[in-house]
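Written out below as structure tokens is the structure these notes cover.
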Amino acid sequence: MFKNLNAKMLEWAQHPKAMWILAIVAFAESSFFPIPPDLLMIPMILAAPHRAFKIAGVGLVASVLGGLLGYAIGAMAYETIGQPMLAALGKADAMQEFSTKFNDFGFWAVLTAGITPFPYKVITVMSGWTGMPLMTFIATSILARGLRFFLVAWLLHTFGPRVRDFIERYLGLILMLAIVVLITTFYALGKI
């Protein structure tokens with residue numbers, strides 16, 4: 001199924017309405033869709049490098065708006081929509097255990113999920129469910145998704161197709177390691 005969907009994403013990247021399709025995919029991915037918008041953004045940017053930052057901006061805005069839908073699902077419909085959706089993703093058991101400490105580290109959770117391959121939709125739903133302050137959620141989502149999408153856009157704009165393999169294989173891991181170093185540094189300095 002995912003192989004067919006991936007092929008469809010590549011086809012959509014060539015569509016005249018690709019920006020609208022990207023907006024829909026980025027919106028949906030932030031609340032319920034399993035495929036990251038990067039699969040659409042990368043070929044779009046490679047096809048039109050001069051539009052790299054506009055493409056990243058569309059992804060950012062749509063992703064944050066979709067994150068607000070995920071937040072609303074968690075806040076208002078966790079039992080009926082959020083919990084079954086997370087169970088389908090295999091994350092339901094972890095939700096109960098993680099929820100007690102989530103808001104203590106909510107900024108870091110949203111930041112980490114927003115820039116790494118961790119399913120962002122899990123964090124958006126959890127943020128609403130645990131009652132994370134909405135402004136903290138929005139600001140962190142803008143920061144995280146902006147870093148992720150604009151970094152991909154900058155790398156592709158600057159280095160072109162030769163950096164694609166690096167982005168697809170290693171960028172998520174490198175960003176995750178950067179977050180770990182940042183959290184460790186703040187912890188060591190007594191800021192967390």
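The values are calculated or read from the model by the stated rules, or taken from the named source; none is laboratory data. Worth saying up front: this structure is predicted, and the values here are computed from it rather than measured. Here Cβ is always computed from backbone atoms with ideal geometry, including for glycine, and neighbour counts include all displayed protein chains. Surface areas here come from the heavy atoms of the whole protein model, side chains and all, with no ligands, DNA or RNA. Shrake-Rupley method; radii C 1.70, N 1.55, O 1.52, S 1.80 Å.
Might you let me know whether the stretch 144-151 holds any residue that is in contact with an Asp or Glu (Cβ under 9 Å, 6 or more places away or on another chain) and at pLDDT below 90? Yes, because at least one residue in the stretch 144-151 is in contact with an Asp or Glu (Cβ under 9 Å, 6 or more places away or on another chain) and at pLDDT below 90. Restricting the stretch 131-143 to residues that are surrounded by fewer than 16 Cβ atoms within 10 Å (Cβ to Cβ) and outside any helix (DSSP H, G or I), the residue that is modelled with the highest pLDDT is Pro133. Checking each residue in the stretch 9-32 for being open to solvent by 40 Å² or more (accessible area, probe 1.4 Å) and modelled with pLDDT under 90 picks out Leu10, Glu11, Trp12, Gln14, His15, Pro16, Phe32. Checking the conditions here, which among Leu65, Leu69, Leu40, Leu86 is open to solvent by less than 40 Å² (accessible area, probe 1.4 Å), closer than 19 Å to Ser127 by Cβ and in contact (Cβ under 8 Å) with a residue 24 or more places away in the chain? Of Leu65, Leu69, Leu40, Leu86, the one residue that is open to solvent by less than 40 Å² (accessible area, probe 1.4 Å), closer than 19 Å to Ser127 by Cβ and in contact (Cβ under 8 Å) with a residue 24 or more places away in the chain is Leu86. Considering the stretch 152-188, the residues that are among the small types (Gly, Ala, Ser) and over 27 Å from Gly70 (Cβ atoms) include one that is modelled with the lowest pLDDT, namely Ala188. Selection of the stretch 106-130 for residues being open to solvent by 10 Å² or more (accessible area, probe 1.4 Å), of a type in the set (Phe, Trp, Tyr) and assigned to a helix (DSSP H, G or I) yields Phe107, Trp108, Trp129. Scan the stretch 67-104 for residues that are farther than 21 Å from Pro34 by Cα and modelled with pLDDT of 85 or more and the total you get is 1.
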